[in-house]
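Asks: Before I ask anything, here is the structure I am working with.
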Amino acid sequence: MFKPNVTRSADLPYKVDHTSVEAAKFLSERLLHTVHQPSRERQVVIVCIGTDRSTGDALGPLVGSKLSGRLQAQQAVVYGTLDAPVHAVNLKDTIQEIEAKYHQPYVIAVDACLGQLSSVGMVTLGDGPLKPGAGVNKVLPEVGHIHITGIVNVGGFMEYFVLQNTRLSVVMKMADCIADALTESLTQAATFPLPELPSLPEPVPQKQHLVNRINNLLGFKS
């Protein structure tokens, strides 16, 4: 199995709605901070998991096919396309091939998943390996140092039927978002210095809120 990350990112998991106008931009910025250093030291391998025989489960192969025509080998090697999908039958063999071919590769796993109704359409970037097949009660090898999942439909009941009846329009748009973000982040990682992520304002302690209210009531400036 692949060597795990030595450090884990405090900024992950990260979620973005694929329908947002700047979804790919936001995702690429977060990806850039995650892959910037590893991509300069190790071969990046993107494993896109799924099958073209199921609409919902085709997210991975769609992303792989889009990436295979955009990325150079020095940026990333892609496994899992519509023509040569990586799925339950050949996932273990694919992992073994990657381990034998590349020395300590940095692996990004991409897959579709099912979730709550309120989360459908969200793209998630997570730290650590992906557990493919968990949503349909399959035990498959874990893969990836980081992973990207697209929540394509609602889970919890008749998962195979739900995946097969997922709208292709949703899956295609999510695949575009993920492929655009990966292309942009890996291209920048190879050529540009790391930009700063926008910082969030420090939360004011609850005690300070109370002091400010008392001062206001007494007529003092806080």
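The values are calculated or read from the model by the stated rules, or taken from the named source; none is laboratory data. Bear in mind the structure is a predicted one, so any value in this text is a computation, not a measurement. When we count neighbours, we look across all protein chains shown, and the Cβ atoms used for this are built from the backbone with ideal geometry, even at glycine. Just the protein is used for accessible areas: all its heavy atoms, side chains included, with ligands, DNA and RNA removed. Shrake-Rupley method; radii C 1.70, N 1.55, O 1.52, S 1.80 Å.
Asks: Residue by residue through the range 141-155, note down the ones that are more than 8 Å from the chain's Cα centre (by Cα) and either under 20 Å from residue 166 (Cβ atoms) or open to solvent by 40 Å² or more (accessible area, probe 1.4 Å) (or both).
Replies: Within the range 141-155, 142, 151, 152, 153, 154, 155 qualify.
Asks: Being surrounded by 15 or more Cβ atoms within 10 Å (Cβ to Cβ), acidic (Asp, Glu) and either within 30 Å of residue 190 (Cα to Cα) or modelled with pLDDT of 95 or more (or both): is that true of residue 111 here?
Replies: Against the criterion (surrounded by 15 or more Cβ atoms within 10 Å (Cβ to Cβ), acidic (Asp, Glu) and either within 30 Å of residue 190 (Cα to Cα) or modelled with pLDDT of 95 or more (or both)), residue 111 qualifies.
Asks: Suppose we keep only residues that are hydroxyl-bearing (Ser, Thr, Tyr) and assigned to a loop (DSSP other than H, G, I, E, B) within the range 8-54. Which one would you say is surrounded by the fewest Cβ atoms within 10 Å (Cβ to Cβ)?
Replies: Looking at the filtered set, the residue picked out is 19.
Asks: Just to be sure, is residue 161 open to solvent by 30 Å² or more (accessible area, probe 1.4 Å), assigned to a helix (DSSP H, G or I), of a type in the set (Phe, Trp, Tyr) and free of Cβ contacts under 8 Å to residues at least 40 places away in the same chain?
Replies: Answer is yes for this residue.
Asks: Counting only residues that are assigned to a loop (DSSP other than H, G, I, E, B) and in contact (Cβ under 8 Å) with a residue 40 or more places away in the chain, which one in the range 84-108 is surrounded by the fewest Cβ atoms within 10 Å (Cβ to Cβ)?
Replies: Only one residue tops the list, namely 103.
Asks: Identify all residues within the range 55-83 that are in a loop (DSSP other than H, G, I, E, B), open to solvent by less than 20 Å² (accessible area, probe 1.4 Å) and free of Cβ contacts under 8 Å to residues at least 40 places away in the same chain; write none if there are none.
Replies: 80
Asks: Which residue is modelled with the lowest pLDDT, if the candidates are limited to the range 119-137 and must be under 20 Å from residue 98 (Cβ atoms) and open to solvent by 10 Å² or more (accessible area, probe 1.4 Å)?
Replies: Once the filter is applied, the top-ranked residue is 133.
Asks: Okay, next question. For the range 164-195, enumerate the residues that are within 29 Å of residue 75 (Cα to Cα) and outside any helix (DSSP H, G or I).
Replies: If the condition is that a residue be within 29 Å of residue 75 (Cα to Cα) and outside any helix (DSSP H, G or I), then 192, 193, 194, 195 are the ones that fit.
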